[in-house]
Amino acid sequence: MYVLNSENNKPKKESSFNTKVFFLLLMLVVFSCKPLEKGKEEAVNASERVNVFLGTSGDHGQMSPSASYPFSMMSIGPQTNPHIHTGYEYYAKEFLGFTHTRIEGVGCTGSGGNILIKPFSGQNPDTKLIKKKQHGKPGNYRVEFENGIIADMVAGANYGIHHFYFPKTSNGLYLDLAFALSGRFKNEEHQVTGNIIKGWIDTETTCSRGIYRIYFAIRFPQDYQIEKKEVHQYLINGNSSNVLVEIAFSSVNEEYALQRILENESRDLFVETQREWNKTLGRVKVEGEQDRIDLFYSLLYRGLQSPYSISEKNGSYRAIDGSLQHANNTVYNGWAIWDNYREQLPMLSLLYPEKYKNIVWSIANMYKYGKQEWATRHEPSPTVRTEHAMVVLLDAVKKGYDVNLKEIKDKLVEEANSLKYDSPDKALETSYDKWAMSEILRFIGEKNLADVYLSEAKKYKEHWKKDFADLSRGDVDRMQARGLYQGTIWQYRWFVPFDIEGLKQLTGGEEKFTEQLDLFFAEHNYNHANQPDLQVPGLYNATSQPWKSQKLFRQILLDTMVQAYFNNNSKGIDPYIGRIYQNKPKAYLRTMDDDAGTMSSWFVMRSMGLSPVNVGTPTYYITAPIFKKVEINWTHKEKFVIQVKNYHPHHYYIKSVWLNGKELKRNWLTHKEISNGGEMIIETSAQPDKNWGKQNSFATKID
């Protein structure tokens, strides 16, 4: 086998390990520069549409351009100074090195940032790395520095490689095993054997509410010397101009991590990663304006990062109590359920059923091993929080997913009984969970106990009358008034997605309900910077004026909106006027975190023309797609196609809908109608059809 000789560019004999450098470089050059061949299927283009720098500057999404792989905790990305929650800032020039974990878009100053590797020329590891230019695409990140060093990284399934090019033959790498975002490192143990370092690292989870452990193995070039500098830090020195570093993770032990490196020796990671991203993103094909397509795939990409696959090929995995377990399916971890149960998980349930069945299995499985509201002290990956998991499980079984709810019934009941009503928002959220508990019990045949929890769920009306009925009080538009979490009374008063019909009656009937919705939006009380009122723009669909939701959806997706609320202030302070979603580093509203794919998935679903009514009810409101055509292709070869008749990029009012050749006399679809496959034709117009969608309208209702 041969590699390029750095001195004269002639081939010379070398080890199989260093041979990988040549092939990696060749593939990176070929696939980065070669235009796509004519005739390739559209799915091949999907990853080329993604802008991995979207949302990577300031408090406008909290995302990163890291090299990643679908649903893998390996995320190799830059650590800059200064940085946002993912460790990176688009406009920063100084790089501290590269880290290998992060949860995209979360708060509490982020999560992850494990294992820092910094390249340096000469003998001084403190030499600053100043960015000259960078490039990124799904699975790959590359940066060139002013001192001539080039760093190129590719991520696979819990495995990744760094390739460093050095202009000077004398060079090295600085390794810090204790590095973590926000100083959340707790402990680590490792051993050095030849050119391999392996061990485990414990780190606090997001908001320091728990601890996760990752097992790792890192392989350095054989001709480089590993020198211990401090307890957790090393210098790796050598004199090759092309240096390849491999790293792998496991949730089970370091031997599995090492085995992952050995298994990847003869594989072309760059090609495999590109193929996987194109396959995953290509599940949905859209046709329309270039800028909309680019934004769509850039946001779909954000919804496919987590949860993370944590089990080994033989089924071994670590449960959230740290015990070693075995499963016959892929096991996932890395949750932000309070945030993304509203949007990202419903999106995955529709678009990726083959993965989602194991995701919901993994959520249910947590109840057997000590599930907490946030995180345990033995998490097998970075994670955030798990409130409303029972709502997700209910939603799954109603969509036809097989979840053994009887096995965890007692734990579900225990959790439902522990829920609190200690603030107005908590009262509504707890009532939602109690409703889900009643529906789960009814689903497994426990009717009498189901009725008990249904009665408890109905008590939301008492709390609503007490805190949300009176809009004349002076604090109704004040952020976090009366102990609210990231919202206002105005925003939380609509949070009864499981009983929209009952909410109408509480407001005084449909006419009053619609009037109050009008006032809510006219006075710019809606807040898209966070999750509490994300479902509100769709509520007109439950009235005789669904055309108002059609207009609102298009405004939020693509047009100018006035936003008066942010996480750090109330109404009246520096409002924002402009687009909410933009394909640039400052992509979102100020303080609008993507929260593990939540806000990006909101865009993806509505841009396709579908809006979940209520998590726990397998129904979607229909709205006008922003594309001429949307095609969902599942792996079992069934597909669902949405065509827009008389398409115009600025027409968003619905005139008629046809499903599988028959006119649809309603403005909603069931999950089964979509997953069965078929074709829906939506005729749009420039002016609202105020009669369409009024017939057979759908509103959730508890009996």
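The values are calculated or read from the model by the stated rules, or taken from the named source; none is laboratory data. It should be emphasised that the depicted structure is a prediction, and the values quoted were computed from it without experimental measurement. Quick reminder, even Gly has a Cβ in these numbers, built from the backbone with ideal geometry, and neighbours come from all protein chains shown.
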**Request:** Scan region 213-241 residue by residue and report those that are outside any loop (DSSP other than H, G, I, E, B) and surrounded by 20 or more Cβ atoms within 10 Å (Cβ to Cβ).
**Result:** 214, 215, 216, 217, 218, 219, 234, 236
**Asked** Residue check, residue 471 against (1) touching a residue at least 24 places away in the same chain (Cβ under 8 Å); (2) part of a helix (DSSP H, G or I), all met but one. Which one?
**Response** (2)
**Item:** Unmet requirement for residue 183, which otherwise passes all of (1) over 23 Å from residue 60 (Cβ atoms); (2) among the small types (Gly, Ala, Ser); (3) buried (at least 18 other Cβ atoms within 10 Å of the Cβ)
**Value:** (3)
**Request:** Give me the pairs, please: first residue somewhere in region 592-614 and in a helix (DSSP H, G or I), second residue anywhere and modelled with pLDDT of 95 or more and among the small types (Gly, Ala, Ser), beta-carbon distance under 6 Å, and either six or more positions apart or on two chains.
**Result:** 600/303; 601/303
**Message:** Considering only region 564-581, I want to know if a residue exists there that is over 30 Å from residue 673 (Cα atoms), touching a Lys or Arg at 6+ places or on another chain (Cβ under 8 Å) and of a type in the set (Lys, Arg).
**Reply:** yes
**Prompt:** residue 506 passes all but one of (1) loosely packed, with under 15 Cβ neighbours inside 10 Å; (2) not in a loop (DSSP other than H, G, I, E, B); which number fails?
**Reply:** (1)
**Complete:** Filtering region 244-275 for residues that are part of a strand (DSSP E or B) and not hydroxyl-bearing (Ser, Thr, Tyr) leaves a count of 6
**Request:** Could you list all residues from region 255-296 that are free of Cβ contacts under 8 Å to residues at least 24 places away in the same chain and in contact with a helix residue (DSSP H, G or I) (Cβ under 6 Å, 6 or more places away or on another chain)?
**Result:** none
**Item:** Residue in region 94-145 that is modelled with the highest pLDDT, counting only those that are farther than 27 Å from residue 185 by Cα and part of a loop (DSSP other than H, G, I, E, B)
**Value:** 138
**Asked** Name the strands (runs of 3 or more DSSP E) wholly within region 624-703 that hold at least 1 residues that are in contact (Cβ under 8 Å) with a residue 60 or more places away in the chain and crowded, with 17+ Cβ neighbours inside 10 Å?
**Response** 629-633, 653-659, 668-670, 678-685
**Request:** Evaluate the following for residue 438: is it under 30 Å from residue 397 (Cα atoms), within 32 Å of the chain's Cα centre (by Cα) and without any contact (Cβ under 8 Å) to a residue 24 or more places away in the chain?
**Result:** yes
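Could you please give the count of residues in region 331-359 that are over 11 Å from the mean Cα position of the chain (by Cα) and aliphatic (A, V, I, L, M)? If you could, list the steps in order and put the result at the bottom.
Going residue by residue through region 331-359, those that are over 11 Å from the mean Cα position of the chain (by Cα) are 331-333, 338, 342, 346, 349-359.
If we keep only those that are aliphatic (A, V, I, L, M) too, we end up with 331, 350-351, 359.
Qualifying residue count, region 331-359: 4.
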**Complete:** Among residues of region 173-185 being out of contact with any Lys or Arg (no Cβ under 9 Å at 6 or more places or on another chain) and touching a residue at least 12 places away in the same chain (Cβ under 8 Å), the residue farthest from residue 310 (Cα to Cα) is 182
**Asked** From the list 492, 485, 526, which one is under 33 Å from the mean Cα position of the chain (by Cα) and farther than 23 Å from residue 698 by Cα?
**Response** 485
**Prompt:** Out of (1) modelled with pLDDT of 95 or more; (2) over 26 Å from residue 651 (Cα atoms); (3) not in a strand (DSSP E or B), the odd one out for residue 582 is which?
**Reply:** (2)
**Request:** Report yes if residue 532 is surrounded by fewer than 23 Cβ atoms within 10 Å (Cβ to Cβ) and within 23 Å of the chain's Cα centre (by Cα), otherwise no.
**Result:** yes
**Request:** Mind listing whichever residues of region 546-600 are crowded, with 22+ Cβ neighbours inside 10 Å, within 27 Å of residue 110 (Cβ to Cβ) and in contact with a helix residue (DSSP H, G or I) (Cβ under 7 Å, 6 or more places away or on another chain)?
**Result:** 580, 581, 588, 592, 594, 595, 596, 597, 598, 600
**Request:** Return the only residue of 605, 599 being at pLDDT 95 or above, within 15 Å of residue 60 (Cβ to Cβ), among the hydrophobic types (A, V, I, L, M, F, W, C) and in contact with an Asp or Glu (Cβ under 9 Å, 6 or more places away or on another chain).
**Result:** 599
**Fill in**
residue 440 meets each of (1) out of contact with any Phe, Trp or Tyr (no Cβ under 8 Å at 6 or more places or on another chain); (2) surrounded by fewer than 20 Cβ atoms within 10 Å (Cβ to Cβ) with one exception, condition (2)
**Prompt:** Which residue out of 320, 337, 363 is touching a Leu at 6+ places or on another chain (Cβ under 9 Å) and within 17 Å of residue 209 (Cβ to Cβ)?
**Reply:** 337
**Request:** Consider only pairs whose beta carbons are under 9 Å apart and that are at least six residues apart or on different chains; among these, list those whose first residue lies in region 302-317 and is among the hydrophobic types (A, V, I, L, M, F, W, C) and whose second residue is at pLDDT below 95 and surrounded by 24 or more Cβ atoms within 10 Å (Cβ to Cβ).
**Result:** none
**Complete:** Exception for residue 476 within (1) surrounded by 23 or more Cβ atoms within 10 Å (Cβ to Cβ); (2) in contact with a helix residue (DSSP H, G or I) (Cβ under 6 Å, 6 or more places away or on another chain) falls at (1)
